[in-house]
Structure formats: structure tokens, C-alpha cells
Amino acid sequence: MAIRCREAGIGPLRILEKAGSVGGVWRENTYPGAACDIPGHLYALSFAPKADWSRLYPTQPEIAAYLEAVVERFGLRPHLSLDTTVTGAVWDEARALWRIETDRGPLLARAVVSAAGGLHHPALPDIPGRGSFAGPAFHSAAWDHGVSLAGRRVGVIGTGASAIQIVPAIAPEVASLTLFQRSPPWVVPRNDHALGPRVAAAFRRWPLLRRAFRGLLYGQREIPAVLGFTRGSFANRIGEFTARRHLRGAIADPALREKLTPRYRLGCKRVLVSDDYYPALARSNVAVETGTIRAITPRGVVTQDGTEHALDVLVYATGFDLAGSVAQLPVTGRGGRTLARAWDGGMGAHRGIALSGFPNWFFLLGPNTGLGHNSVVLMIEAQVAYVIACLERLAASPGTALEPAPEAQARFLAELHAELAGSVWQRGGCASWYQDEGGRNVALWPGTVASYRRAVRSPVWDEYVTAKSE
Ligand code: NAP
């Protein structure tokens, strides 16, 4: 967003960041095994390619370094205010300005782009006795690297995208690993491999080759969505067949296989990709515990049958509070209406980007613009282009307040939720972080990346209302 603003001559520009460095989830999540489940060549920004990703699926340190390098290469450093937490933002109607409060003082902005993301408020489970555990206990996104796991009895709660990377990474060094599984994920092979210097050299020499590779990676991932993956169709059956074969190939014990077989449609929760998760679960020092967790004690975890699983270290791979973190942004729009109030019936934004009552405020990866099947960076770039068009319009007419017309926003959201109603996320027989408390999917776009690109190709100004300050 910042790079495109600079290219478009939009400024002055300030980037506010609560942490001491850039990188978002790729800065926060340093747990063992952390890697992207989208290939690096597709995950990179389209205008900042990297020819030499070391693996097909790069690891966290490589992605974090890439993001740092992008900041340097595009000269963003002077625009960055690190260690600056936004504590509130209030729309000043008379001046058509946002007053942003931070822990380092206020600033005024004609427009604000929220690129705060949704997966950075760790969700710790509400289990009785959680605080009583005597040993080290931490969330996957706040890994305590000071704690050695070698030779210790480790418990991992959760079987989502984070857990399936952590378990194979730590299993070989721990004395024992107990994985507390509430519901098994669908897991398909990742087919990860090193890319090597010759691939990098070829991509450097022939950039078109790299672009073709990126196009291939993109196209492959669009296919399931094109085939109706989001509707729980034939494409899901093919996926389920692949995942079952993957499970059979790695797990010989029928009882364990049974435990690991999901009871909901593939795609309902995020489909996980891993080559080493199942082999790790087949190890003799790893146990999969499916009993509901009843309590946490100073010594370990008690499951419903009364068994106390003795542990030295406890890892919460229990995900993030999406709805809470986004709706809790302390934003007050026109007429004193807060974001939390605007969304008390459920999150939603016009084209996932703008919100009626919140002029000149834009979201990146806002409600219903996440993906389960392809790189979200593609979605972000489509949104950035849309927001730039809005910002250019504002720049051409200083003092203007631009926001979606309520009817246009309502129409967009009605169509979106009609589309979602028949989807695998609503009808696939599972609960996941994609849904809010009312069971509505507020996270995902119910189509292809191409269909979202079409939806945000350029702002339709009839869908917006403008007001001019004195
Ligand atoms: P998640 O997908 O929300 O998984 C949380 C896990 O914790 C689930 O298995 C859940 O069980 C379990 N859990 C929660 N409360 C529990 C309780 N009280 N008792 C037992 N189990 C409990 O979280 P995540 O794995 O951190 O992943 C979050 C998202 O981050 C992903 O979907 C993905 O978008 C992103 N991510 C991406 C990557 C990557 O690119 N490779 C890696 C990590 C994360 P249920 O399934 O039964 O709810």
C-alpha cells in the first residue's frame, strides 16, 4: 500500500506499527517449523519478485527477511513509525479528517488504510485451571525460544495450520509429545522441495520464465475454486480422496487413522498442506489424544475420562481471535458511531474495503476477503489498486469525505451472503475461525481470486456518496 501510494504521489504518508519491526505475522510467528503454505514465487509481491526462494514453500525467516528487504528497497524506512500503537481514531466531520490517537501522541490524516490484519490476537482456550500449569506454557504466536524442549514431555493443544508445522519440527527432540486434538484437519501433500541455485539463476536470467512459473502456481490454485470447491462439490470429493490416500500412506495403525479422519466436508475448515505431519504422528514418542480437555492442572492436562497427562511444557496452537481483533479496532466514525457498534450484527464491508459511516477509511484484507485456496497477497494487491483510485479521487478534491452508499453496501453484502449460504463453510459440518459467533462466515471470499479482482477492478462511483467540508 505504502509503495503504491509513493508511486502515485499520494502523501505525506505515515505507516504506524505497534511492534519494533515490520513483517506482521511473519515477524510474530517464529515457532519451530513456521513456513508459508503458499509457494514463495506466488506469495511475493507482484512488483517485488525474488528469484532465489530457497524452497518451494519458504520458511518464516526467509519471508521475514524478504519483507525487511522490500522496506529498504522501496525506501519506506523514513515513513515508518515503529513501536507506535494506535489507541483510537475519530472522524472529525467538520474538517473531514481522521484524528488518530497513538501511544506516542496524536496525528491527523485525510485518509486511513487499516492493514492491521486479523490473525494477531492469540486466542487462549477457556479451560479451567489454565493459569495453574507449573511449567512453561505459551501460544504458538509467542514462542518462548528460551525454553529447551529437548528430552521434555510436551503437550500441544490444537491441530490447525500452526500445530501441523510445530509437531513435526519438535517431535524428534522431545521425550514425548501429546497432541490434544478436538477435530482432525484434512491434510493434503505439500510436495515441498528445495529450489536450488540453478533455478534461481534461470529465473534471474529469464524473468519471463519466473512469471510463467508464478502464473502456473496461481492457476493450479484457482482450479478447485473454479470447479466449485467453495460449494462442497465434486472438487471436494477429489480433495478428500487425495487426503485419505495421504493418510493411509503414512499411518499404518487403523485406530490412529480413524482418529485422524475428519467427519466434515473437506474445505469447511482450512485445508492443510504437509508432508511431515502424519509421519510425525506415527512416531513412537507421539500420542494423539482425542478426549475433550476438562482442566489444566499444575502437572498437566486432564481429559474427560479423568486421565491426567503429565507434561513439562504446554503449547497452545489454538489460533487467533479474528472477529474480536478487527471489530475491537477503536475507531469512531460519523456521528460518534464506533466500528464495534457498526458491526454488532456481524462484520462486513463494501467490497471488503470500505464502510458506510466511516468516510475515507479503507481496509486491506477486510471482512470476507481472505482465501482458503490461493495467495491472499493477490487479494491485497487488488485492494491496494482500488484504494489508490479512491485516494486519487480524494486528492483531486481536498476536503471530501467519501464512503459507500448504504444501499450499495447492503446490496453487496446481501449478494455475498447469499453466495456463502450454500458454501462448504456454512454447510460442511464444522465450526472454524472463518465464522463469527452467529455462525456467519466473515473471513472468506466465496469465489476465485479472478472474481474478486473483477469485483474491485475500479471503484464504481455510483456506489459511493461524497460530502464536502466547509
Ligand atoms: P486455527 O486454525 O484456528 O487452529 C486452532 C486449533 O486449536 C484448532 O485445531 C482448534 O480445534 C484447536 N482448539 C482451540 N481451542 C481448543 C480447545 N479449547 N481445546 C482443544 N482444541 C482447541 O489456528 P492456527 O493453526 O494458528 O491457524 C490460524 C490461521 O493462521 C490459519 O488458518 C492460516 O490462515 C494462518 N496460518 C497459516 C500458516 C501457513 O501459511 N502455513 C501457518 C499457520 C497459520 P478445532 O479445529 O476443533 O476448532
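Can you confirm whether the range 74-82 contains a residue that is within 16 Å of the ligand (Cβ to nearest atom), modelled with pLDDT of 95 or more and crowded, with 16+ Cβ neighbours inside 10 Å?
No, because not a single residue in the range 74-82 is within 16 Å of the ligand (Cβ to nearest atom), modelled with pLDDT of 95 or more and crowded, with 16+ Cβ neighbours inside 10 Å.
Residue-wise test of (1) over 20 Å from residue 113 (Cβ atoms); (2) in the same structural domain as residue 348 (by TED's automatic domain parsing); (3) not in a helix (DSSP H, G or I).
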position	(1), (2), (3)
390	no, yes, no
401	no, yes, yes
407	yes, yes, no
415	yes, yes, no
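Confirm whether residue 255 is in contact with a strand residue (DSSP E or B) (Cβ under 9 Å, 6 or more places away or on another chain) and part of a helix (DSSP H, G or I).
no
Of everything in the range 169-183, what is touching a Lys or Arg at 6+ places or on another chain (Cβ under 9 Å) and outside any loop (DSSP other than H, G, I, E, B)? Give them in sequence order.
176, 177, 178, listed by residue number.
Pick from the range 175-190 the residues that are more than 9 Å from the ligand (Cβ to nearest atom) and within 18 Å of residue 138 (Cβ to Cβ): which of them is surrounded by the most Cβ atoms within 10 Å (Cβ to Cβ)?
177
Among the residues of the range 118-174, which ones are within 14 Å of the ligand (Cβ to nearest atom), on the phi > 0 side of the Ramachandran plot and surrounded by fewer than 19 Cβ atoms within 10 Å (Cβ to Cβ)?
Scanning the range 118-174 gives a single hit, 129.
Determine which single condition residue 297 fails, assuming it passes every other condition in (1) crowded, with 21+ Cβ neighbours inside 10 Å; (2) touching a Ser or Thr at 6+ places or on another chain (Cβ under 7 Å); (3) in the same structural domain as residue 134 (by TED's automatic domain parsing); (4) modelled with pLDDT of 95 or more.
(1)
Would you tally the residues in the range 1-21 being touching a strand residue (DSSP E or B) at 6+ places or on another chain (Cβ under 7 Å) and either modelled with pLDDT under 95 or not basic (Lys, Arg) (or both)?
Number of matching residues: 5.
Looking at 269, 259, which is the one that is buried (at least 18 other Cβ atoms within 10 Å of the Cβ), under 30 Å from residue 422 (Cα atoms), outside the structural domain of residue 451 (by TED's automatic domain parsing) and within 16 Å of the ligand (Cβ to nearest atom)?
Selected residue: 269, the only one of 269, 259 that is buried (at least 18 other Cβ atoms within 10 Å of the Cβ), under 30 Å from residue 422 (Cα atoms), outside the structural domain of residue 451 (by TED's automatic domain parsing) and within 16 Å of the ligand (Cβ to nearest atom).
Is it the case that some residue within the range 463-470 is more than 16 Å from the ligand (Cβ to nearest atom), crowded, with 20+ Cβ neighbours inside 10 Å and among the aliphatic types (A, V, I, L, M)? Quick ask: steps written out before the conclusion?
Of the residues in the range 463-470, the ones more than 16 Å from the ligand (Cβ to nearest atom) are 463-470.
Narrowing the set further to residues that are crowded, with 20+ Cβ neighbours inside 10 Å leaves none.
No: the range 463-470 contains no residue that is more than 16 Å from the ligand (Cβ to nearest atom), crowded, with 20+ Cβ neighbours inside 10 Å and among the aliphatic types (A, V, I, L, M).
Scan 250, 243 and give me the residue that is under 29 Å from the mean Cα position of the chain (by Cα) and either polar (S, T, N, Q) or within 16 Å of the ligand (Cβ to nearest atom) (or both).
Residue meeting the stated conditions: 243.
For (1) crowded, with 21+ Cβ neighbours inside 10 Å; (2) over 25 Å from the mean Cα position of the chain (by Cα), each residue gets a yes or a no:
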| residue | (1), (2) |
| --- | --- |
| 387 | yes, no |
| 392 | no, yes |
| 402 | yes, yes |
| 418 | no, no |
| 422 | no, no |
| 425 | yes, no |
| 428 | no, no |
| 432 | no, no |
| 436 | no, no |
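The values are calculated or read from the model by the stated rules, or taken from the named source; none is laboratory data. Note that the structure is a prediction, hence the values are computed from the model and not measured. Reconstructed Cβ throughout: ideal geometry from the backbone, glycine too, with neighbour counts over all protein chains shown.
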